[in-house]
1. I'd like to check something: does the range 182-189 contain any residue that is in contact (Cβ under 8 Å) with a residue 12 or more places away in the chain, hydrophobic (A, V, I, L, M, F, W, C) and more than 30 Å from E277 (Cα to Cα)?
2. If I ask for residues that are farther than 22 Å from K211 by Cα and surrounded by 14 or more Cβ atoms within 10 Å (Cβ to Cβ), which ones from the range 240-251 would you list?
3. I need the helices (runs of 4 or more DSSP H) fully contained in the range 268-320, keeping only those with at least 1 residues that are farther than 30 Å from Q191 by Cβ.
4. Taking the range 163-181 as the search range and keeping residues that are over 19 Å from A326 (Cβ atoms) and open to solvent by less than 60 Å² (accessible area, probe 1.4 Å), which one is modelled with the lowest pLDDT?
5. Being surrounded by fewer than 20 Cβ atoms within 10 Å (Cβ to Cβ) and of a type in the set (V, I, T) is the filter here; which residues of the range 261-285 pass it?
6. If I filter the range 186-201 for residues that are acidic (D, E), under 26 Å from S146 (Cβ atoms) and open to solvent by 50 Å² or more (accessible area, probe 1.4 Å), do I get at least one hit?
7. Could you tell me whether the range 210-222 includes any residue that is surrounded by fewer than 16 Cβ atoms within 10 Å (Cβ to Cβ), closer than 21 Å to A274 by Cα and without any contact (Cβ under 8 Å) to a residue 40 or more places away in the chain?
8. Checking I205 against (1) part of a helix (DSSP H, G or I); (2) under 15 Å from R298 (Cβ atoms); (3) in contact with a helix residue (DSSP H, G or I) (Cβ under 9 Å, 6 or more places away or on another chain); (4) not acidic (D, E): exactly one of these is not met. Which one?
Amino acid sequence: MLDAEADQLVNAERYARDEQRTGYRAGHYERGFTTTAGDITLRVPKLKGIAFETSIIERYKRRETSVEEALIEMYLAGVSVRRVEDITEALWGTRVSPGTISNLNKKAYENIEKWRSRPIDEEYPYVYVDGIFLKRCWGEEYENISILVAIGVSKDGHREILGAAEGLKEDFESWKSFFVWLKERGLSGVQLIIGDKALGMNEAIAQVFPKAKYQRCIVHFYRNVMSVVPRQKTREVVKMLKAIHAQEDHDAAMEKAHSVAEKLHKMKLSKAAAKIEDSVNETLTYMNFPTEHWSRIRTNNTLERLNREIKRRTKVVGTFPDGESALMLVCARLRYVAGHEWGTKRYLNMAHLTSMMITEDGEIIEF
């Protein structure tokens, strides 16, 4: 194939005397090339009067495309760089350097960035948001950075990764920029945003998505309350908290919350009681939505499980050289998990939501 390309470039076959000739043959040179079948030696034509440019193999390329794709896939699937080196040596007889893997990943990151910034052309009534902290090197010092992630449930009940962005730290400005970025890409139809009570999140939601309601994850709420409860009373208090969210409607849950707070005051757990009195209402927003959805929309578990998978992958890396590399690897892992695991399964039957209307006062009207 390489010789045929050379004949086409020269515009004449070997040894042919032709006035249309644009160059001359000058022998061959040998170069190595790695394929899925192992290393081979290519005899590449040399030309005089014209440069030999092949469309079969890119210039300076030493590996078959399928080999490069395999290297990228291994790295993004959670295999450490050192392990990738060992695997390539065992499979193909050559050891791939960390620099080579880094260069290959830059190509992959271009496609990942296109995926991350793609337009959002559907409505997503439910949106889960959370931040994940990673470490990066900054000015010869190590610091935490936050990657903000959003997952949406579409009108047909499927989950989709809506986006991820570097938030530096979870504050009002970071959350506002993140929500504005999602809205500019086309996010609409948001009725409920589920997340932890991160600093500035509520204020940012009110500004960017004023019609959306906020549901605080009840698991995070429990953890917050239990942080001021002695260990010997943990089991008893947990049962009391679960009783609040086991009620049949919002009014009954609030009534139960007041009785739990009174009981905690009598147990001399005033700090725990104060947390319930101040924050329990924002953990009951899910009760304004279909009962069939309650178990899925009152917690942020769907994103928490995804975050654990991200941490498993990023733990191999340790400290990132910059925020962009951290963001790209997180996005790569998000796309990989969404495409191979839960992204194709229906998460909720959204017909229950379309059969009811929620007024601004939180009143439910069923059709």
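1. Just the residues of the range 182-189 that are in contact (Cβ under 8 Å) with a residue 12 or more places away in the chain, to begin with: 182-183, 185-189.
Narrowing further to those that are hydrophobic (A, V, I, L, M, F, W, C): 182, 187.
When the remaining residues are screened for being more than 30 Å from E277 (Cα to Cα), the result is 182, 187.
The answer is yes; a qualifying residue exists.
2. M240, L241, A243, I244, H245, Q247
3. Working: elements: 270-279, 294-297, 301-317.
The qualifying helices (runs of 4 or more DSSP H) are 270-279, 301-317.
4. It comes out as F172.
5. Within the range 261-285, T285 is the sole residue that qualifies.
6. Step one: of the range 186-201, the residues acidic (D, E) are 196.
From what's left, under 26 Å from S146 (Cβ atoms): 196.
With open to solvent by 50 Å² or more (accessible area, probe 1.4 Å) added as a condition, the list becomes none.
No, there is no match, as no residue in the range 186-201 is acidic (D, E), under 26 Å from S146 (Cβ atoms) and open to solvent by 50 Å² or more (accessible area, probe 1.4 Å).
7. Taking the range 210-222 and keeping what is surrounded by fewer than 16 Cβ atoms within 10 Å (Cβ to Cβ), we get 210-211, 219.
Of the ones still in play, those that are also closer than 21 Å to A274 by Cα are 219.
Remaining after also requiring without any contact (Cβ under 8 Å) to a residue 40 or more places away in the chain: none.
Checked the range 210-222: no residue is surrounded by fewer than 16 Cβ atoms within 10 Å (Cβ to Cβ), closer than 21 Å to A274 by Cα and without any contact (Cβ under 8 Å) to a residue 40 or more places away in the chain.
8. I205 satisfies every listed condition except (2).
The values are calculated or read from the model by the stated rules, or taken from the named source; none is laboratory data. All values reported here derive from a predicted model rather than from experimental measurement. Note: ideal-geometry Cβ built from the backbone for every residue, glycine included; neighbour counts use all protein chains shown. Just the protein is used for accessible areas: all its heavy atoms, side chains included, with ligands, DNA and RNA removed. Shrake-Rupley method; radii C 1.70, N 1.55, O 1.52, S 1.80 Å.
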